[in-house]
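Only the coordinates and a few stated rules stand behind these numbers; no lab work does. What you are looking at is a predicted structure, and each value in this text was computed from that prediction instead of being measured. Here the Cβ is made from the backbone with ideal geometry for all residues, glycine too, and neighbour counts use every protein chain on show.
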Amino acid sequence: MKVSVKTLKGTHFDIEVKPEDAVADVKKNIETVQGADVYPAAQQMLIFKGKVLKDDTTLAENSVTENSFIVIMLTKNKGASGECSTASTAPTKKAPEASSLPTATVPASTAPVVTSAA
């Protein structure tokens with residue numbers, strides 16, 4: 001059966017599926033047809049009638065029929081891992097800044113002068 005897949009950018013494309021296909025298989029199908037660089041299966045979220053489809057369910061179980069449309073979104077799972085790596089790098093960058101702070105103890109000596117003035 002033919003199902004239309006709509007993207008958040010407003011475009012759409014058709015895929016050929018079977019009612020007994022698992023959602024995970026449909027994601028792999030989309031990845032193959034559209035390209036892993038565009039729609040990696042691991043990052044796809046498929047939505048039908050406002051409901052996120054679970055990988056271990058079939059299209060039939062989700063009432064997806066001929067000429068239905070599914071909305072596709074990409075999650076940032078892999079990007080989040082990359083951000084974690086970046087976050088790990090960030091504290092390393094902050095460590096030298098922390099080293100710079102003890103050098104900035106000169107303004108700290110200015111603080112007692114302000115205290116004396118008070």
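Give me the net charge of Lys6's neighbourhood, meaning all other residues with Cβ under 14 Å from the Cβ of Lys6; Lys, Arg count +1, Asp, Glu -1.
Result for the neighbourhood of Lys6: +2.
Can you list the residues, at least 5 places off or on another chain, whose amide H is less than 5 Å from the amide H of Thr57, using H built in the peptide plane?
HN-HN under 5 Å from Thr57: Val23, Ala24.
Give the long-range amide H neighbours of Ile70: residues separated by 5 or more places, or on another chain, with amide H under 5 Å away, using H modelled in the peptide plane at 1.01 Å from N.
Placed amide hydrogens put Ser4, Val5, Lys6 under 5 Å from Ile70.
By count of other Cβ within 10 Å, fewest leading, how are Val17, Val52 ordered?
With the fewest neighbours first, Val17, Val52 line up as Val52, Val17.
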